[in-house]
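> There's a structure below that I have some questions on.
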Amino acid sequence: MKTLSTLLVANRGEIAVRVMQTARAMGIRTVAVYSDADEDALHVREADQAIRIGGPAPVDSYLNQERVLAAALQAGADAIHPGYGFLSENPAFATACEQANILFIGPPNQAIEVMGDKARAKRAMLEADVPCIPGYQDEAQDIETLVEAVERIGLPVMIKAAAGGGGRGMRLVTELSQLQDAIGLAQSEAENAFGSSELIIERAVLRPRHVEIQVFADQLGNVVHLGERDCSVQRRHQKVIEESPCPVMTPELRQAMGEAAVNVAQAVNYVGAGTVEFLVDEAGEFYFLEMNTRLQVEHPVTELVTGYDLVEWQIRVARGEPLPVVQEDIELLGHAIEVRLYAEEPEKGFLPSTGPVSLFEFSESSGIRIDSGVTTGDEVSPYYDAMIAKIIGYGETREDARRRLLTALQDGALLGLGNNRNFLIDALEQQAFKDGLATTAFIAENYGDQFRPAPVQGSFVVGGAVIQHLLAMGEAHERAPLVSHELLDWSSRGRAVSTREYQIDDIEVSVRLETVAAGQYQVLFDSQEFLVEFMGMSDTCCTLQINGRREMFNFVHEVPATLHLANATYSMSLTDHTRVSPEAVDAAGGGTVVAPMHGLLLAIEVAQNETVVKGQRLAVLEAMKMQHEITAPANGVVLETPGVAGSQIAAGDVMVVLELDE
């Protein structure tokens with residue numbers, strides 16, 4: 001058995017932290033690597049030692065094999081755990097580790113090479129008689145061949161990057177008129193993300209379930225599966241909610257899919273943790289999709305229902321130990337549901353978001369697990385994936401798990417930057433999800449291209465106004481320590497009255513607050529009266545009683561006038577415009593098309609004086625590893641194109657200026 005005393009984690013964020021936790025529990029010292037953007041990141045603080053490996057761009061740091069290996073040698077690491085993403089499925093890196101006499105905690109190179117190429121993997125599975133979706137997976141990649149393949153397969157089809165995953169380089173085509181643009185975008189995105197523009201094409205299975213089987217193999221030839229995970233709730237082919245077991249799984253289907261997954265692993269002499277992904281159609285037939293030769297993001301739900309630590313298994317198998325159990329020992333107990341907390345803005349079409357984390361407040365409790373890559377005060381960078389944490393609920397039944405997870409989201413907060421907390425709360429409450437009927441069409445069918453939250457309740461705005469008032473009183477008391485605290489809400493003209501103005505959904509609203517007594521306020525908002533009583537406050541949490549109902553608010557206040565606020569239903573920022581100058585209020589709009597996020601401006605596709613129509617593509621922006629089409633908000637004429645293709649631009653930078661038709 002190989003010895004392992006020091007483990008370098010060649011990754012960042014929540015997965016790096018999670019691997020370090022198990023390594024520490026096993027008595028193994030850990031080494032973090034970091035880019036300039038991650039100098040003070042949580043995974044750096046969690047490790048026993050940390051080594052800088054380059055600039056913020058992944059190609060200069062986390063994807064730089066030479067620098068990662070140099071760091072491992074410098075630290076005296078016995079092994080490297082690649083996590084997921086970055087170098088985790090790179091056969092050249094696995095080979096380089098072997099040549100450097102460093103243990104790579106992953107499968108053999110042959111398995112990575114076969115399964116890392118969707119075209120090659122599909123050809124291998126067809127030879128092994130594994131059920132596969134009809135499609136094209138050959139080497140010829142010229143446009144004529146690809147178009148002919150689509151015509152032969154029949155619409156709709158899914159175009160996929162052969163070397164990729166995570167939704168990058170993937171496009172659904174439902175009309176032939178979309179085909180050439182879709183192929184071009186998929187090839188470009190695949191080349192930028194994976195260094196290969198090769199594509200495969202498959203007939204699109206509409207409204208399927210995405211069900212995957214966790215497999216594990218040791219170096220002695222033993223292979224088991226640990227049940228399934230349902231990953232059907234996806235947005236742009238990226239998973240959002242995962243659970244185990246699958247709500248509609250039967251013992252017969254589980255056995256069939258489990259045996260197929262084990263056969264897939266055996267066909268490539270697999271070792272370690274792997275996931276075989278299938279699509280299950282409405283008739284209950286399943287088709288091989290791909291195999292991920294690494295630990296999955298959603299592995300916690302399997303850990304919770306089986307009771308096994310999969311990272312510990314990875315380390316033990318890599319050391320040459322046998323699997324700790326046989327197939328008959330594995331049992332799924334209870335139910336687990338995981339949500340991915342993304343830095344994005346669902347109300348703006350799920351665009352990625354970046355910036356400081358003013359407050360990260362989610363707590364582990366009975367039946368709740370938090371895997372996070374950030375804490376309060378950290379920064380979310382535009383250079384990496386938008387997922388920043390996972391929140392997992394566990395219970396004896398699916399409803400127990402759902403309720404616990406829902407409560408954890410409602411009681412928690414991620415403030416300071418756009419995120420999908422409100423969307424996740426809403427998704428868990430959708431009847432289709434409650435009933436276990438969600439397919440891969442769930443988000444498209446329930447939300448379309450963007451999340452449209454319910455109108456903000458008056459009590460939320462009123463609560464924010466009162467909290468801002470209380471904070472202002474506290475600041476006043478600090479400036480005037482000799483003045484009695486009781487006098488701060490007092491007015492010689494009778495009851496003290498103040499007004500605050502906010503902009504909510506592009507509408508200016510006014511809140512009138514009148515002091516009734518110490519800690520009691522009469523508040524008028526939208527022709528409604530609210531009686532608010534202050535119950536208590538910490539640095540980031542305030543409890544108010546509003547019209548007899550007690551509510552808890554998480555908050556962060558930014559001087560001079562912005563309050564980041566969350567309660568059980570809503571999360572938003574309230575800026576009091578009576579406390580800021582008009583120049584500080586964002587006046588952008590109309591025909592000025594600005595970058596919605598930081599990123600690389602790949603192309604400006606219009607020219608000065610060109611006539612454009614609503615929805616026409618104006619530019620292509622790459623951010624968070626994805627390419628985003630920037631389209632015209634209305635018909636008009638191009639006045640200017642300040643954006644420069646090939647340049648990095650910041651959120652809010654002007655790309656195109658239009659004169660819109662009236």
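The values are calculated or read from the model by the stated rules, or taken from the named source; none is laboratory data. Here the structure is a predicted model, which means the values were calculated and not measured. Backbone-built Cβ (ideal geometry, glycine too); neighbour counts: all protein chains shown.
> Do we have any residue at all in segment 137-152 that's part of a loop (DSSP other than H, G, I, E, B) and touching a Pro at 6+ places or on another chain (Cβ under 9 Å)?
No, segment 137-152 contains no residue that is part of a loop (DSSP other than H, G, I, E, B) and touching a Pro at 6+ places or on another chain (Cβ under 9 Å).
> Can you pull out the residues in segment 216-245 that are of a type in the set (A, V, I, L, M) and either crowded, with 23+ Cβ neighbours inside 10 Å or under 30 Å from residue 350 (Cα atoms) (or both)?
217, 226, 233, 240, 241
> Here's a follow-up. Which one of 87, 69 is among the aliphatic types (A, V, I, L, M) and over 24 Å from residue 169 (Cα atoms)?
Checking each option against the conditions leaves just 69.
> Answer with yes or no whether residue 265 is buried (at least 24 other Cβ atoms within 10 Å of the Cβ), among the small types (Gly, Ala, Ser), touching a strand residue (DSSP E or B) at 6+ places or on another chain (Cβ under 9 Å) and farther than 29 Å from residue 345 by Cβ.
yes
> Give me the residue from segment 431-487 that is of a type in the set (Lys, Arg) and either more than 22 Å from the chain's Cα centre (by Cα) or in a helix (DSSP H, G or I) (or both) and, out of that set, modelled with the lowest pLDDT.
It comes out as 479.
> Could you go through segment 536-550 and let me know if any residue there is of a type in the set (Asp, Glu) and assigned to a strand (DSSP E or B).
Looking for residues that are of a type in the set (Asp, Glu) and assigned to a strand (DSSP E or B), one finds none in segment 536-550, hence no.
> Here is a follow-up. Looking only at segment 313-335, how many residues end up being outside any loop (DSSP other than H, G, I, E, B) and either farther than 15 Å from residue 106 by Cβ or among the hydroxyl-bearing types (Ser, Thr, Tyr) (or both)?
Qualifying residue count for the region: 4.
> If only one of 40, 48 is acidic (Asp, Glu) and over 25 Å from the mean Cα position of the chain (by Cα), which one is it?
48
> Look at segment 335-378 and say how many of its residues are among the aliphatic types (A, V, I, L, M), closer than 12 Å to residue 300 by Cα and in contact with a Ser or Thr (Cβ under 7 Å, 6 or more places away or on another chain).
Final tally of qualifying residues: 1.
> Sticking with this one: Out of everything in segment 392-421 that is basic (Lys, Arg) and touching a helix residue (DSSP H, G or I) at 6+ places or on another chain (Cβ under 8 Å), what residue ends up being farthest from residue 304 (Cα to Cα)?
421
> Is it the case that residue 248 is more than 22 Å from residue 352 (Cβ to Cβ), in contact (Cβ under 8 Å) with a residue 40 or more places away in the chain, surrounded by fewer than 20 Cβ atoms within 10 Å (Cβ to Cβ) and among the β-branched types (Val, Ile, Thr)?
yes
> Is there a residue in segment 334-354 that is at pLDDT below 95 and among the hydroxyl-bearing types (Ser, Thr, Tyr)?
Checking segment 334-354: at least one residue is at pLDDT below 95 and among the hydroxyl-bearing types (Ser, Thr, Tyr).
Residue by residue, here is whether (1) buried (at least 21 other Cβ atoms within 10 Å of the Cβ); (2) touching a Phe, Trp or Tyr at 6+ places or on another chain (Cβ under 9 Å) holds:
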position: 362; (1), (2): no, no
position: 384; (1), (2): yes, yes
position: 395; (1), (2): no, no
position: 411; (1), (2): no, yes
position: 419; (1), (2): yes, yes
position: 423; (1), (2): yes, yes
position: 426; (1), (2): no, yes
position: 452; (1), (2): no, no
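> For segment 47-103, what are the residues that are small (Gly, Ala, Ser) and more than 27 Å from residue 300 (Cβ to Cβ)?
Within segment 47-103, 54, 55, 57, 70, 71, 75, 76, 92, 96, 100 meet the criteria.
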